[in-house]
Amino acid sequence: MKNAATFTARIVRDGKWFIAFSPEFPEGNGQGLTEEEALASLRESILLLLEDRREDARASLGNGEKLIPLALA
């Protein structure tokens, strides 16, 4: 079984652009000339945010602490 997580996307049109936001990741957004491009851009933004948070977590580990992968299905 493949692990997956599903988030919510909100899309608005601004002139010729589509802007995508995720309520679960308010600091991330995506944009594109089509809804599909905006969603792809939002996915990349969320992945970058998650990776940045993982790096922050690794950097803040104390003595005896460790990170363990947690899969969401």
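Where a number appears in this text, it was derived from the coordinates with a stated rule and is not lab data. Every value quoted in this text rests on a predicted model; they were computed, and no experiment measured them. Using ideal geometry, Cβ is built from the backbone for each residue, glycine included, and neighbour counts are taken over all protein chains shown.
Any idea what the dipole of the stretch 10-59 comes to, in debye rounded to 20, about its Cα centre with Lys/Arg Cβ at +1 and Asp/Glu Cβ at -1? Numbers along the way, then the final one.
Values: 7 positive and 11 negative charges, 20 e Å.
Magnitude of the dipole: close to 100 debye.
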Does anything in the stretch 20-40 have its amide N under 14 Å from the 7 Å Cα→Cβ label point of LEU70, and if so which residues? none
Report the equivalent ellipsoid semi-axes for the chain in whole Å, largest first, defined as the square roots of five times the eigenvalues of the gyration tensor built from alpha carbon atoms. 30, 14, 9
When the chain is treated as a GNM, springs tying every alpha-carbon pair under 10 Å, which of LEU47, LEU61, LEU39 comes out with the largest mean-square fluctuation? LEU61
Starting from the stretch 29-73, pick out the GluC sites (Glu not before Pro) whose DSSP state is loop and whose Cβ has at most 16 other Cβ atoms within 10 Å. GLU65
In degrees between 0 and 90, to the nearest 10, how far off the longest principal axis of the chain does helix 35-59 point, with axes built from Cα atoms? 20
Which residue, chosen from ILE68, GLY32, LEU49, occupies the Cα position most advanced towards the positive end of the dipole of the chain, where the dipole is computed from +1 (Lys, Arg) and -1 (Asp, Glu) charges on Cβ about the Cα centre? ILE68
